[in-house]
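Here the structure is laid out as structure tokens; the discussion comes afterwards.
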Amino acid sequence: MKITLNRINDDFLFECTNAQGNSIMLDNTSQPGATGVSPMESVLMAVAGCSGIDVVSILKKQRQEITGFKAEVEGERIPVEDARPFKSITVKFMLEGNIDPKKAYKAAQLSFEKYCSVSKTLEPNVEIRYEVEVNGERVEA
């Protein structure tokens, strides 16, 4: 796996491109006029995307009918010397459709405990929590 980063302007806007030519824009969002996402926001996006792919894949294999899928991810950061790494990340999945709530919760559990490489990479230093809602109702373990 390889990513190429190219500076786009005279400030902090970068285009990150993968081997297939797909890209995202990264920027210093503390500066006025930023047009990309911050690198730390991209970490949250990666957690959401990785676990989202897992959850949808698991539920599709179980023939669950997903008509809507959304995730919200929040990260809590702490100061460590001059950096501010994540202390914890919470992912909230909101699913709509003809979905067994227990299967949805189990799919999220499997993602974070077994499959999601992004959260597994962060796991030694970051507490990762998750919540699941199906058709507006929170699912408990």
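The values are calculated or read from the model by the stated rules, or taken from the named source; none is laboratory data. The shown structure was predicted, so the numbers you read here are calculated from the model rather than taken from an experiment. Every residue, glycine as well, gets a Cβ built from its backbone with ideal geometry; the counts of neighbours run over all protein chains shown. We work out accessible area using only protein heavy atoms, side chains counted, and drop any ligands, DNA or RNA first. Shrake-Rupley method; radii C 1.70, N 1.55, O 1.52, S 1.80 Å.
Could you work out how far apart the two model spin labels at Ile53 and Thr17 are, taking each label as a point 7 Å from the Cα in the direction of the beta carbon, and quote it in nm?
In this crude spin-label approximation the distance works out to 2.1 nm.
Checking the a/c ratio against 1.5 first, then a/b against b/c, what shape does the Cα gyration tensor give for segment 1-51?
Oblate.
Set the bar at 18 Å for Cα to Cα. Now go through Lys60/Lys102; Lys2/Lys114; Lys61/Lys92 and name every pair that lies beyond it.
Lys2/Lys114; Lys61/Lys92
Obtain the nm distance between the two label points defined at Thr121 and Gln62 by a simple spin-label model: each point lies 7 Å from its Cα along the Cα-to-C-beta direction.
2.7 nm
What residues from segment 1-15 fall in the zone where the backbone N is under 17 Å from a label point 7 Å along the Cα-to-C-beta line of Ser30?
Residues 11-14 fall inside that zone.
So if I place +1 on the C-beta of Lys and Arg and -1 on the C-beta of Asp and Glu, and nothing else carries charge, what would the dipole magnitude of the chain be about its Cα centre? I want it in debye, nearest 20.
Charge dipole of the chain: 640 debye, to the nearest 20.
May I ask for the angle, rounded to the nearest 10°, between helix 101-110 and the longest principal axis of the chain, with both axes built from Cα atoms and the value confined to 0 to 90°?
40 degrees
Which value in deg cm²/dmol, rounded to the nearest 500, describes the helix-derived mean residue ellipticity at 222 nm for the chain, given -39,500 (n - 2.57) per DSSP H run of n ≥ 4 and division by the residue count?
When only DSSP H runs of four or more count, the value is -9000 deg cm²/dmol.
Report ³J(HN,Hα) in whole Hz for each residue of segment 132-141, in order, from the Karplus equation J = 6.51 cos²θ - 1.76 cosθ + 1.60 where θ = phi - 60°; Gly and Pro get x.
10, 10, 10, 6, x, 10, 5, 9, 9, 4
Would you pull out the residues with amide H under 5 Å of Glu133's amide H, same chain only if 5 or more places away, H placed 1.01 Å from N?
Placed amide hydrogens put Phe93, Met94, Leu95, Val139 under 5 Å from Glu133.
For labels at Asn135 and Asp100 in the simple 7 Å Cα→Cβ model, what's the distance in nm?
According to this spin-label approximation, the distance is 1.5 nm.
Considering every Cα-Cα pair within the chain, what fraction, in whole percent, is farther apart than 27 Å?
Of all Cα-Cα pairs in the chain, 32 percent lie more than 27 Å apart.
What angle, in degrees between 0 and 90 and rounded to the nearest 10, separates the Cα long axis of helix 39-61 from the longest principal axis of the Cα atoms of the chain?
30 degrees
Given R₀ = 25 Å, FRET efficiency for Lys70-Met40 by Cβ-Cβ distance, to 0.05?
Efficiency, rounded to the nearest 0.05: 0.75.
Using the Cβ atoms and a cut-off under 13 Å, what net charge is assigned to the surroundings of Glu131, where Lys and Arg are +1 and Asp and Glu are -1?
-1
Residue by residue through segment 84-100, which ³J(HN,Hα) values in whole Hz follow from phi under the Karplus form 6.51 cos²θ - 1.76 cosθ + 1.60 (θ = phi - 60°), with glycine and proline marked x?
Result, rounded to whole Hz: 9, x, 6, 8, 8, 9, 10, 10, 10, 8, 10, 10, 10, x, 8, 10, 6.
With all protein chains present, how much of the accessible area of the chain (probe radius 1.4 Å) comes from carbon and sulfur, to the nearest whole percent?
Of the solvent-accessible surface of the chain, carbon and sulfur hold 49 percent.
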